[in-house]
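Report on the following structure.
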Amino acid sequence: MRVVIAPDKFAGTLTAVEAAAAIAEGWARRAPGDELVQVPMSDGGPGFVDVLHAALGGELQAVTVRDPYGVPVPASVLRVGTTAYLECAEAVGLHLTAPEDRRAEHGSTYGLGELVRAAVTGGATRVVVGLGGSGTNDAGAGLLAALGATCAAGSLVEGPAGLAEVAGVDVGPARDLVAGVELVTASDVDNPLLGITGATKVFGPQKGLPDERLVVVDGWLQHFAEATDRKLAARKGTGAAGGLGFALQLLGAEQTSGVALVAEAVRLADVVAGSDLVLTGEGAFDFQSRSGKVPYGVAEVAAAQTVPVVALAGQVLVGAREMRALGVESAYALVDLVGEERAFAAPAQALAELAERTARTWSR
């Protein structure tokens, strides 16, 4: 039988490419005669560039940029023809800073602006930015500053705290830099910039903002929006990646689904056509997976071809009814097979074992 292997990353343990390889290794041990097609996936978060490079080839350009607190970090721009792909997590990712060192009120997106600038000055006429896994919450003010935006008061480069007194913001130079360039954001977050469903309230705590500071920080972002484009702040997707969606839409970016963009780029529908089974997966398979996560996106593609989908995950936190609502026939968890400690200590080996066991049920 023909089996398509299309997982996302297992956050903190395996990239999508590594996860696909581990699943293929384990499945082949049990069913060596099956045809296995690896198609690592991403929703625009960490691993976005890695997945696209594996599928599309292209040239990787190394760029050194600032992390949220000004420390130099390596990042990359993937050039495929005149299109440049990059991801915010490489420049301003939450994983770049240890929890005890995070100062979320001062984290800046300047480094991502440096990455966008490198892509544009390198000749790209289309720039696709994967938004996900960010450790910042400055509404993209730092990114705009790196591209040339200025302000008469306050600061665009000191994180959300710098926006408390911001005034006289001029986005014109940043818009001039990207004039004639098609900007696309790859994200499945539909939150607006502000308010109870906005970037700060929903995602701020996971970036280190205490609950008692959320209203204050949201007020700073509102002040910045009023100094730039208050109406835009209500648009879907402007709250993605701590408000990076807002800044990029200020520059004219079009938002698109990260999973859908990757699925199209890797021709997932064509690969799935004629297959007998699709294996997908992620670190935690829960009902939030419906909000633009890889398993749900893969299941949608497979459903159009009437191909069943099985999920392998670190943890499975949904029941059979919810699973079916997500378009998945069955799901199996690493922690149930090998325990949580081993799942983290030897994730590739554990995932291969889970795939081998799954093949006993699903391979012909």
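The values are calculated or read from the model by the stated rules, or taken from the named source; none is laboratory data. Just so it is clear, the structure is predicted and the values come from calculations on it, not from any experiment. When we count neighbours, we look across all protein chains shown, and the Cβ atoms used for this are built from the backbone with ideal geometry, even at glycine.
Filter the range 88-113 down to the residues that are closer than 24 Å to VAL49 by Cβ and hydrophobic (A, V, I, L, M, F, W, C), then identify the one that is surrounded by the fewest Cβ atoms within 10 Å (Cβ to Cβ).
If we filter the range 88-113 for residues that are closer than 24 Å to VAL49 by Cβ, which is where we start, we get 88-98, 102, 107-113.
Now narrow it down to the ones that are hydrophobic (A, V, I, L, M, F, W, C): 88-89, 91-92, 94, 96, 98, 112.
Values: CYS88: 35, ALA89: 25, ALA91: 30, VAL92: 35, LEU94: 22, LEU96: 21, ALA98: 7, LEU112: 34.
Across the range 88-113, the extreme among qualifying residues is ALA98.
Filter the range 295-312 down to the residues that are within 21 Å of the chain's Cα centre (by Cα) and in contact (Cβ under 8 Å) with a residue 40 or more places away in the chain, then identify the one that is farthest from ARG357 (Cα to Cα).
Our first condition is that a residue be within 21 Å of the chain's Cα centre (by Cα); within the range 295-312, this holds for 295-301, 311-312.
If we keep only those that are in contact (Cβ under 8 Å) with a residue 40 or more places away in the chain as well, we get 295, 297-298, 312.
Working: PRO295: 20, GLY297: 25, VAL298: 22, LEU312: 11 Å.
Restricting to residues being within 21 Å of the chain's Cα centre (by Cα) and in contact (Cβ under 8 Å) with a residue 40 or more places away in the chain, the top hit is GLY297.
Take the residues in the range 187-203 that are in contact (Cβ under 8 Å) with a residue 24 or more places away in the chain and among the hydrophobic types (A, V, I, L, M, F, W, C); name whichever of them is surrounded by the fewest Cβ atoms within 10 Å (Cβ to Cβ).
Of the residues in the range 187-203, the ones in contact (Cβ under 8 Å) with a residue 24 or more places away in the chain are 187-194, 197-200, 202-203.
Subset that is among the hydrophobic types (A, V, I, L, M, F, W, C): 189, 193-194, 199, 202-203.
On the way: VAL189: 25, LEU193: 30, LEU194: 24, ALA199: 34, VAL202: 16, PHE203: 20.
Once the filter is applied, the top-ranked residue is VAL202.
Starting from residues that are more than 15 Å from ALA247 (Cα to Cα) and not aliphatic (A, V, I, L, M), keep the ones in the range 156-181 and report whichever is surrounded by the fewest Cβ atoms within 10 Å (Cβ to Cβ).
Only one residue tops the list, namely GLY180.
Among GLY252, GLY237, which is the only one that is out of contact with any Gly (no Cβ under 9 Å at 6 or more places or on another chain) and either part of a loop (DSSP other than H, G, I, E, B) or not assigned by TED's automatic domain parsing to the domain that holds ARG175 (or both)?
The conditions single out GLY252.
If you check VAL217 against the conditions, is it more than 29 Å from ALA54 (Cβ to Cβ), assigned to a helix (DSSP H, G or I) and either in contact with an Asp or Glu (Cβ under 7 Å, 6 or more places away or on another chain) or not assigned by TED's automatic domain parsing to the domain that holds ALA19 (or both)?
Working: more than 29 Å from ALA54 (Cβ to Cβ): yes; assigned to a helix (DSSP H, G or I): yes; either in contact with an Asp or Glu (Cβ under 7 Å, 6 or more places away or on another chain) or not assigned by TED's automatic domain parsing to the domain that holds ALA19 (or both): yes.
Against the criterion (more than 29 Å from ALA54 (Cβ to Cβ), assigned to a helix (DSSP H, G or I) and either in contact with an Asp or Glu (Cβ under 7 Å, 6 or more places away or on another chain) or not assigned by TED's automatic domain parsing to the domain that holds ALA19 (or both)), VAL217 qualifies.
Taking the conditions exactly as written (touching a residue at least 60 places away in the same chain (Cβ under 8 Å) and either touching a helix residue (DSSP H, G or I) at 6+ places or on another chain (Cβ under 9 Å) or closer than 17 Å to SER134 by Cβ (or both)), does ALA240 satisfy them or not? Talk me through it step by step, then tell me what you get.
On the way: touching a residue at least 60 places away in the same chain (Cβ under 8 Å): yes; either touching a helix residue (DSSP H, G or I) at 6+ places or on another chain (Cβ under 9 Å) or closer than 17 Å to SER134 by Cβ (or both): yes.
In short, yes.
Of all residues in the range 28-40, count the ones that are in contact with an Asp or Glu (Cβ under 9 Å, 6 or more places away or on another chain) and either under 14 Å from VAL262 (Cβ atoms) or free of Cβ contacts under 8 Å to residues at least 12 places away in the same chain (or both).
Qualifying residue count, the range 28-40: 2.
Restricting the search to the range 123-157, which residues are part of a loop (DSSP other than H, G, I, E, B), out of contact with any helix residue (DSSP H, G or I) (no Cβ under 6 Å at 6 or more places or on another chain) and at pLDDT 95 or above?
Keep residues of the range 123-157 that are part of a loop (DSSP other than H, G, I, E, B), which gives 123-125, 131-133, 135-140, 147-149, 151-152, 154-157.
When the remaining residues are screened for being out of contact with any helix residue (DSSP H, G or I) (no Cβ under 6 Å at 6 or more places or on another chain), the result is 123-125, 132, 151-152.
Those that are part of a loop (DSSP other than H, G, I, E, B), out of contact with any helix residue (DSSP H, G or I) (no Cβ under 6 Å at 6 or more places or on another chain) and at pLDDT 95 or above: GLY123, ALA124, THR125, CYS151, ALA152.
Being among the polar types (S, T, N, Q), in a strand (DSSP E or B), at negative phi and crowded, with 18+ Cβ neighbours inside 10 Å, is that true of even one residue in the range 36-43?
yes
Look through LEU351, LEU317, LEU326, LEU337 and report the one residue that is hydrophobic (A, V, I, L, M, F, W, C) and modelled with pLDDT of 95 or more. Before you say what the answer is, go through the steps one by one.
On the way: LEU317 fails: modelled with pLDDT of 95 or more; LEU326 fails: modelled with pLDDT of 95 or more; LEU337 fails: modelled with pLDDT of 95 or more.
Testing whether each residue is hydrophobic (A, V, I, L, M, F, W, C) and modelled with pLDDT of 95 or more leaves just LEU351.
If the requirement is being out of contact with any Gly (no Cβ under 9 Å at 6 or more places or on another chain) and crowded, with 22+ Cβ neighbours inside 10 Å, which of these qualifies: VAL116, VAL184?
None of the others qualify; the one that does is VAL116.
Checking the structure you have, find out if any residue of the range 7-27 is in contact with a His (Cβ under 8 Å, 6 or more places away or on another chain) and either free of Cβ contacts under 8 Å to residues at least 24 places away in the same chain or in a helix (DSSP H, G or I) (or both).
No, there is no match, as no residue in the range 7-27 is in contact with a His (Cβ under 8 Å, 6 or more places away or on another chain) and either free of Cβ contacts under 8 Å to residues at least 24 places away in the same chain or in a helix (DSSP H, G or I) (or both).
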